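The values are calculated or read from the model by the stated rules, or taken from the named source; none is laboratory data. No experiment lies behind these values; they were computed from the predicted model shown. Cβ coordinates were reconstructed from backbone atoms using ideal geometry, including for glycine residues, and neighbour counts include every protein chain displayed. Surface accessibility is based on the protein's heavy atoms, side chains included, excluding ligands, DNA and RNA. Shrake-Rupley method; radii C 1.70, N 1.55, O 1.52, S 1.80 Å.
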Amino acid sequence: MSNTSFFIDKFPIYGASFIGEDELLLAGGGGPSKTGLANRLACHNIARPDAPLVGELKLAADEDAPMCLATLPNGRLAISGVNESAKARKESKGDNCHLRTFKVDRSVGTSDKAGIDEDSAAASPAKISIKLSLSHQVLDLDPKLDDYQKLVRVSASGKHAAILSAEGRAAVVDTTKFNALSLPLLSSKDKTWVDVCVCGEERVLAATERAVYAYALKGKNVENEAVLVALDSYKILTDYRIAKFATLLDDALLLVALNPATSKRQDSYLALYTLDVIAGTATQRQVIQVPRRIKDLHAAPSPKRNTSTPQPTHLVGVVYADGALDLYAGQSLDRLKSWKPNVLHAFPPSAVAFSPGTSRLATVSIDGKCNILDLRPITHPVPGLLQKLIRPELALASPIILLVLALVIAYLLG
């Protein structure tokens, strides 16, 4: 496996999510305009260099394109945001069933586990069936402001999903019943949400431009508001605004992206906090400055803990407004890999997705290009080292050298 990319003609892509280590689901299209660009969900098998299309569902041409995408951990249900047509909303007096769910079924023989045999997957990619399941009205989207659902985040277990509109409306949804839990409004000066997620199935985190709040999730209600991060308490950050946040290491850490309030400045900050969602506290542990304005944060799935080895690195992708992308170690904010502007896409990435096993990173954009980046040299450095040790010329070496090599390999694996 190596870095690959492919273009999909006439397909502006707005959302991406893996349904398995080798299957990538994409969402996008041209919206209700008469551009001839179909609105659709498309699944590609990325085990093969040509990334063949293995599943597709075309959506209504008079509706908006799907503007976000997330899948449950089992890969069998996808959630997106699609505004209904203007005609349908007018006839229903403003109702807009924007939250869509789709059933995703794999053919027999498809694996959703990390590390499957790439040769087998490439030889006979399984077909994927995508079908519309349900449509829901959850948020009160304002048609006068062209509001739409721009974000969906699924909790680690898949039991809840947090959704957010472009105008700052947010809700939490039970994915088994799709009952909505609307977040309570704050004061009139501070009620527009910029990000939201569910952590630990019992807590909701939501951010405005000035603070990050925690709520207890109880039944159909969110209660017990607690302020985790308040920018007004940090003099160095008073001229900055919260753009996004992400939780790391099974919600033990909170990473907050801060952008300058004025467009004249392009520098931003990443602030890392130790998070205690039960107590409703966040303790600052590190802040770094970056020379670009941050567009989005994408955290990889929490790495599995192993008592015999150190805590594995939790990767975070930081997308910048100029199209650059950095890969950070979440625990230390060490920058592990960088891609400069216009290297990955002609436009800034519209979505970034980690595979379930964090062996791949996918980036997509409205240019129709999809990049598949191999993360194994970062997430699994030992195999790369062994590959360097086992060189062809060593096959003809003396038995003593081979014995020493075997001892070194045994030590590394031990």
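Summary table below
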read-out	value
Qualifying residues in region 229-251 (those that are more than 18 Å from the chain's Cα centre (by Cα) and small (G, A, S)) - the one least open to solvent (accessible area, probe 1.4 Å)	A230
Residue identified as assigned to a loop (DSSP other than H, G, I, E, B), small (G, A, S) and under 19 Å from the mean Cα position of the chain (by Cα) among A65, A70, A78, A47	A65
Selection within region 20-37 - at pLDDT below 95 and among the hydrophobic types (A, V, I, L, M, F, W, C)	L37
Residue, farthest from A299 (Cα to Cα), within region 257-269, restricted to residues that are open to solvent by less than 20 Å² (accessible area, probe 1.4 Å) and not aliphatic (A, V, I, L, M)	P260
Search result, residues across region 67-104 that are in contact with a helix residue (DSSP H, G or I) (Cβ under 8 Å, 6 or more places away or on another chain) and on the phi > 0 side of the Ramachandran plot	G94
Of the criteria (1) in a strand (DSSP E or B); (2) over 30 Å from D95 (Cβ atoms), which one E21 fails	(1)
Exclusive hit being part of a loop (DSSP other than H, G, I, E, B), surrounded by 13 or more Cβ atoms within 10 Å (Cβ to Cβ) and out of contact with any Leu (no Cβ under 7 Å at 6 or more places or on another chain), set E225, E209	E209
Boolean, L254 is farther than 17 Å from Y213 by Cβ, open to solvent by less than 20 Å² (accessible area, probe 1.4 Å) and either touching a residue at least 40 places away in the same chain (Cβ under 8 Å) or among the β-branched types (V, I, T) (or both)	no
Subset tally (residues that are crowded, with 20+ Cβ neighbours inside 10 Å and out of contact with any Lys or Arg (no Cβ under 8 Å at 6 or more places or on another chain)) for region 270-290	5
Filtered residues of region 24-44 (kept if open to solvent by less than 20 Å² (accessible area, probe 1.4 Å) and assigned to a strand (DSSP E or B))	L24, L25, L26, A27, G28, L41, A42, C43, H44
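Residues are listed down the side, and each one gets a yes or a no for (1) more than 20 Å from N3 (Cβ to Cβ); (2) at pLDDT 95 or above:
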| site | (1), (2) |
| --- | --- |
| L325 | no, yes |
| L333 | yes, yes |
| S338 | no, yes |
| A346 | no, no |
| S350 | no, yes |
| G357 | no, no |
| P377 | no, no |
